[in-house]
């Protein structure tokens, strides 16, 4: 038959593959042939369209069943080039107990009916197609009838989205690529957290909503604790002993913070309103944990100064040992 397409071969799956197998294969191939990844490559664009068509048929049990019936029958003798079988009365006919396929001119005509597509000037469009008296899926034409819905059922869908802590903190306009190969421009809210769901209106199945399940990746330096952000900042022995102003990183950029004289390792200092967003106009705090770090390499001048300090210092940290 003209234009026949083996959807199993297109997706690289077997005929007994599960819907999950079909979904997994489609995701892998859709990423490879997505137009955003192959700009200007017409062959990749056509392959991407075929993958979508194959997935739409094989991932739906009813459409898959009709496709498999059609696939079994089109190879039979007499059913070639869209002519169907010719009965003694001279009518083109192709039928069995499960369906009547004799009125399809070619495979494209069958798929257009199955996926509720219509063609205008050779181009495929979605929409309501007129039901002719010869429509093989029209109720009453066969022993077992099928109905192709005039429009796909509207259903909500969900997708996972993993984002860095910096983007979760700031939010804003972001282009994201979904697992099904689509690329969307999304206005992300500030202060996203793991487990949060973001609704994208009309981006689901058949015009339903798409819900993004957010997962915030762990950060190498900052740790989120409720609405506060925890980090550990190293200081030198002289900074710890004398105190003073140092620079501390935050998710909103570096800020100046004051060390009190005699600050200890493990001591926590609070930077007000430098934590995670709470709504539009409030923020948590940033908690800075101090770590006093002793240099492992000293210059001759530094060694001399440390020797002098040892000679004159009066502080003995071992005076009150509980022994």
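Label-to-label distance, residue 309 versus residue 19, with points set 7 angstrom from Cα along the beta-carbon direction: 6.9 nm. Between residue 320 and residue 166, the distance separating the two model label sites (each 7 Å from Cα on the Cα→Cβ line) works out to 4.4 nm. FRET efficiency for the residue 265 to residue 190 pair, using the beta carbon distance and R₀ = 45 Å, is estimated at 0.85. Full extension of the chain between residue 221 and residue 289 yields a length gain of 23.3 nm, computed as 0.36 nm times the residue separation minus the alpha carbon distance. The alpha carbon gyration tensor of the range 223-312 gives principal lengths a ≥ b ≥ c with a/c of 1.5 or higher and a/b greater than b/c, which makes the shape prolate.
Counting DSSP beta bridges in the range 157-216, what percent are antiparallel, to the nearest 5?
On the way: 10 of 17 bridges.
Counting DSSP beta bridges with both partners in the range 157-216, the antiparallel share is about 60 percent.
P(r) tail for the range 157-216: Cα pairs beyond 18 Å make up 25% of the total.
Roughly speaking, what is the stretch gain from residue 62 to residue 176, that is 0.36 nm per residue apart minus the C-alpha to C-alpha distance, in nm to one decimal? If you can, show how the numbers build up before the last one.
On the way: separation 114, 0.36 × 114 = 41.04 nm, distance 3.18 nm.
Full extension from residue 62 to residue 176 adds 37.9 nm.
Evaluated at q = 0.13, 0.26 Å⁻¹, the base-10 log of the normalised Debye intensity for the range 216-271, with identical point scatterers placed on the Cα atoms, takes the values -0.36, -1.16.
Pairs of C-alpha atoms in the range 268-323 farther apart than 13 Å represent 77 percent of all such pairs.
The spacing between the range 264-314 and the range 1-23, judged by their C-alpha centroids, is 62 Å.
Label positions at residue 183 and residue 300, each projected 7 Å from the Cα along the C-beta direction, are separated by 6.1 nm.
Convex hull volume of the Cα atoms of the range 172-260, normalised per residue: 119 Å³.
Multiply the residue gap between residue 247 and residue 69 by 0.36 nm, knock off their C-alpha separation, and tell me the result in nm, one decimal place. Intermediate values should be presented prior to the final figure.
Values: separation 178, 0.36 × 178 = 64.08 nm, distance 7.12 nm.
Gain in length upon complete extension: 57.0 nm.
Rule-based calculations on the coordinates, nothing more; no lab input. In this text, all values refer to a predicted model and were calculated from it rather than measured experimentally. Counting neighbours? That spans all protein chains shown, and the Cβs are built from the backbone with ideal geometry, glycine included.
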